[in-house]
Amino acid sequence: MRSTRFLPGLAVLGVVALTAGCAGGAPTGEGDGPVEITYWLWQDDATDPTWTELADEFNDAQDEVEVVLETIPLDQYQNQLVSSAMNGTGPDAARSKDWWLGQFAPQGAIADLTPYVDGWDASDDVVDSLWVTGQLPGEDAVYMLPHQYTTLYLYYRVDYFEELGLEAPRTQQDLLDAAAALTGDGRYGIDVRGGAGGQDQWLAWMYAGGASVVDDSGEVVLDDAKGVAVNEDYLSIVTDLQAAPPGSITAAFADVKTNFVEGLTGMMIHHPGSLKELQGVFGDKLGVVPIPTEDGKPGATLGSMSGNVILEGSDKKDAAWTWISWLSEEAQMEKISTSPQGQLPVLESVIDTEAYSSDPQLAVAVDAIPTAKTWPALEGVAELAAKEWNPLIQQAFQGEISSQDVLTKMSDVLR
């Protein structure tokens, strides 16, 4: 086994040899040794050994490609990747979120993977609707290989609903009515999460209500009449119903989860990452349903993809593809997806396994995959999500600007 090397300033998880045979041909490089590539990633659970185990598995398998895995904290990751990609000092391949593509692809910082994908044997196993997560709006080229996905849904307290004679909400009006009914005697309906990360909860509501960020041609339509109406309903949780707990308009996820776990709120929007913990806390008092839609019929929710890209500046693209495509094949996909690092797999073959079909509450998230929508890969998404959304939505919750005004301001950032 090759020894692990550590690079200054970065925690290096391992060095691994990878199977050859990418669509672009066998990896090529100078000298007689393996082609060495660097791969950047973040870890959601730094104590989990899954990535190291994958590295060891490959290190023992072959000698054609050697990859150095460099882990960077998520709160620093995006800035470091953007900076390195633009100045040509980045890795050969890297983990990426779907909504970062607008910062990379139009500037030519990441490679078009379409020729590799077209020759990849596993491409037909990827859920067809998920390819769009690696594309720019209105374009066919694939810039990111799907890897780990998640969809948002609604958690609710079954016992609270039964106490009030309420059914699980199916429409958004059902949710608003339930939020109002649950509020009182020190209890509230639902958090609106106006702080860090709240843009995802909000967009899940918007998508479920029939709003869109862009149309089929990639034009921003967030502030059209439908968007304004759906957003107005969301704002009404605070402005009219007063059904969100104190501090909700600046709350981040930790606050939202604490409020739900401690019984302060009766509903919470999140993804399956909270499922096992909440099942352990509440047992059969926990309910899970899709994000309520406008008419109660199946609709969209927000999905979020963590995939893999190859940087355009790399002169080892074939070797980099060997690595990232191997990660998205069945055995490796199942291993990472069922680990503490995992979310939902992107392969039909893994989705069909018992791990994802035996739990009906997890199945709610899986069933949402085909119709879920992501943040579009527009350059302005990063600025909106990281900087502008919070102060804008907080002003709207406080009645300082209207639903139309707040969406127009958000749309201007995106445009």
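The values are calculated or read from the model by the stated rules, or taken from the named source; none is laboratory data. Fair warning: this is a prediction, and the values are worked out from it, not measured in the lab. Cβ atoms come from the backbone with ideal geometry, glycine included; neighbour counts cover every protein chain shown.
Things to note:
- For region 254-270, the criterion of being within 30 Å of Met86 (Cβ to Cβ), in contact with a Pro (Cβ under 7 Å, 6 or more places away or on another chain) and hydrophobic (A, V, I, L, M, F, W, C) is met by no residue.
- Every residue from region 79-106 that is modelled with pLDDT under 85 and either within 17 Å of Ser306 (Cβ to Cβ) or polar (S, T, N, Q) (or both): Asn87
- Residue in region 175-182 that is within 30 Å of Met86 (Cβ to Cβ), in contact (Cβ under 8 Å) with a residue 60 or more places away in the chain and buried (at least 17 other Cβ atoms within 10 Å of the Cβ) present: no
- Here Ile401, Ile393 are screened, and the one residue that is closer than 19 Å to Ile291 by Cβ, in the same structural domain as Val220 (by TED's automatic domain parsing), among the aliphatic types (A, V, I, L, M) and over 16 Å from the mean Cα position of the chain (by Cα) is Ile393.
- Ser129 surrounded by fewer than 16 Cβ atoms within 10 Å (Cβ to Cβ), out of contact with any strand residue (DSSP E or B) (no Cβ under 7 Å at 6 or more places or on another chain) and within 21 Å of Val213 (Cα to Cα): yes
- Members of region 275-292 found to be in contact (Cβ under 8 Å) with a residue 60 or more places away in the chain, farther than 11 Å from Leu154 by Cα, surrounded by fewer than 19 Cβ atoms within 10 Å (Cβ to Cβ) and under 24 Å from the mean Cα position of the chain (by Cα), listed by number: Gln279
- Restricting attention to region 183-203, the residues that are under 18 Å from Ala243 (Cβ atoms), touching a residue at least 40 places away in the same chain (Cβ under 8 Å) and not basic (Lys, Arg) add up to 12.
- Qualifying residue in region 243-255 (condition: crowded, with 22+ Cβ neighbours inside 10 Å, touching a strand residue (DSSP E or B) at 6+ places or on another chain (Cβ under 6 Å), under 30 Å from Leu347 (Cβ atoms) and in contact (Cβ under 8 Å) with a residue 40 or more places away in the chain): no
- Listed by first and then second residue, the pairs with beta-carbon distance under 9 Å, at least 6 apart or on different chains, first residue in region 140-152 and touching a residue at least 60 places away in the same chain (Cβ under 8 Å), second in a loop (DSSP other than H, G, I, E, B) and of a type in the set (D, E, K, R), are Tyr143/Asp112.
- Residues that are touching a helix residue (DSSP H, G or I) at 6+ places or on another chain (Cβ under 8 Å) and assigned to a helix (DSSP H, G or I), drawn from region 54-99: Leu54, Phe58, Gln78, Leu81, Val82, Ala85, Met86, Asp98, Trp99
- Residue check, Val261 hydrophobic (A, V, I, L, M, F, W, C) and either touching a Lys or Arg at 6+ places or on another chain (Cβ under 7 Å) or buried (at least 18 other Cβ atoms within 10 Å of the Cβ) (or both): no
- For the criterion of being touching a Lys or Arg at 6+ places or on another chain (Cβ under 6 Å) and part of a helix (DSSP H, G or I), Asp159 passes.
- Helices (runs of 4 or more DSSP H) completely within region 312-362 that count 2 or more residues being under 23 Å from Thr38 (Cβ atoms): 317-327, 330-337
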